[in-house]
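The values are calculated or read from the model by the stated rules, or taken from the named source; none is laboratory data. Please read all numbers here as calculations on a predicted model, not as lab measurements. Because the Cβ atoms are built from the backbone with ideal geometry, glycine has one as well, and the counts that use them run over all protein chains shown.
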Amino acid sequence: MCKDTVIDKMKEAGLRITPQRVHIVELLYQLSHPTADQIYLKMTEKFPYVSHATVYNTLKKLKVIGVVRELSNGDKSSHFEMVETEHWHFNCKVCGEMYDLEAHKNEVLMAYGTNNYAFQVDSFRVEFYGVCAKCNAK
């Protein structure tokens, strides 16, 4: 989903298209799985008087309209990403970074495993935890 599509969905949902909201969307595309605090810090570079509430409320609204996914990471802050294709995540226990991993044929496995029980899978979440290559090299 491109930025223009997200903006269109925001308009369809009746959200005002403010420069701050547009910049939050841009940051979600630029940053890898940012937390709300990371977005806020980047926002203050362009909008020095932006509030935490603006960031949190915008993320919440983007989540409600289905363009942003919130990823809770245990006891750490939630991370956010644009809703794209289903994929797996790797979470580094040292630096806290979250990485996307390509899902290998898991749709077939999910469908096969759930058909026996008449479940309908709408989405899934697979996460791995360990030490990333950067931290492992230190």
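Just give me the residues in the range 37-57 being hydrophobic (A, V, I, L, M, F, W, C) and either assigned to a loop (DSSP other than H, G, I, E, B) or out of contact with any strand residue (DSSP E or B) (no Cβ under 8 Å at 6 or more places or on another chain) (or both), in sequence order.
The answer is 41, 43, 47, 50, 53, 55.
Failed condition for residue 86, given (1) assigned to a loop (DSSP other than H, G, I, E, B); (2) in contact (Cβ under 8 Å) with a residue 24 or more places away in the chain; (3) over 19 Å from residue 126 (Cα atoms), with all others met?
(3)
Give the residues of the range 58-77 that are aliphatic (A, V, I, L, M) and at pLDDT 85 or above, sorted by residue number. Show your work before the answer.
The initial filter retains those residues of the range 58-77 that are aliphatic (A, V, I, L, M), namely 59, 62, 64-65, 67-68, 71.
Across the range 58-77, the qualifying residues are 59, 62, 64, 65, 67, 68.
Out of the range 58-72, which residues are surrounded by 14 or more Cβ atoms within 10 Å (Cβ to Cβ), over 12 Å from the mean Cα position of the chain (by Cα) and not in a loop (DSSP other than H, G, I, E, B)?
Once the filter is applied, which keeps residues that are surrounded by 14 or more Cβ atoms within 10 Å (Cβ to Cβ), over 12 Å from the mean Cα position of the chain (by Cα) and not in a loop (DSSP other than H, G, I, E, B), the range 58-72 yields 58, 61.
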